[in-house]
Amino acid sequence: MFSRITQPLRVNHAKLPPSFSLVSVLCVWIGAGAAIAAMALVSESTHLIWVLGSFCASAVLIFAAPQAAFSQPRNMVLGYLLSALIGLASVVYLGDQWWAMGIAVSTAIAVMMLTRTVHPPAGASPVVIFLAHPDGYLFVGTCLLGTMLMVLIAWSYHSLVKHHEYPVYW
């Protein structure tokens, strides 16, 4: 009986992905740090929220896995924009209810899938709107500008480093 319960826990013994070189780790460390520091500087200068926790997860994708579909500018910018708009619309039309948060996140995921703009960290935008209650339209604007700034920094970084192409597509 115990073996039937643990059956789903068994793995196929696939090998770990290759390790990153120390040079690659150092380059990503510099790029991601510069991107988040730039966002923090803009936040401090404008007194607006430009740094979201989800932007840190985006930095992992666009700097450490730049060739992944989730890391492409189209996915990042439109994923955040659509998710933020869905979060804002959900709060306005459904109210600040626990169940509305679930609907907002699942709708954001579905819309990103339908528009081929899936960016996993962007799925947190509706939750930020529900929990932090930022000025909705201002949040959507800063979210859009923030993602565009991150993409610009990533594009500049990858142009300088030349380890790989970024973006793979727009």
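The values are calculated or read from the model by the stated rules, or taken from the named source; none is laboratory data. Please read all numbers here as calculations on a predicted model, not as lab measurements. Glycine also receives a Cβ, built like all others from the backbone with ideal geometry; neighbour counts cover every protein chain displayed. These area figures cover heavy atoms from the full protein model, side chains too; ligands, DNA and RNA do not enter into them. Shrake-Rupley method; radii C 1.70, N 1.55, O 1.52, S 1.80 Å.
A few points about this structure:
- Computed over segment 1-151, the quotient of the alpha carbon radius of gyration and 2.2 N^0.38 Å is 1.23.
- Segment 68-147 - convex hull of the alpha-carbon atoms, volume per residue in Å³: 72
- The chain: DSSP helices with Cα axial extent of at least 27 Å and average Kyte-Doolittle hydropathy no lower than 0.5: 22-46, 73-94, 136-161
- Annotation for VAL60 and TRP155: the two label points, set 7 Å from Cα along the Cα-Cβ direction, are 2.6 nm apart.
- Exposure of LEU145 as accessible area (Å², to 10), given a probe of 1.4 Å and all protein chains: 90
- Residue-normalised accessible area of the chain, given per residue in Å² at a 1.4 Å probe: 60
- Heavy-atom accessible surface of the chain: percent carbon and sulfur, 1.4 Å: 72
- Considered as an equivalent ellipsoid built on the Cα gyration tensor, segment 119-162 has semi-axes of 27, 12, 6 Å, the largest given first.
- Net length gained if the chain between ALA37 and VAL25 were fully extended (0.36 nm per residue, minus Cα distance): 2.5 nm
- Only helical runs count toward this figure. For the chain, summing -39,500 (n - 2.57) over DSSP H runs of n ≥ 4 and dividing by all residues gives -21500 deg cm²/dmol at 222 nm.
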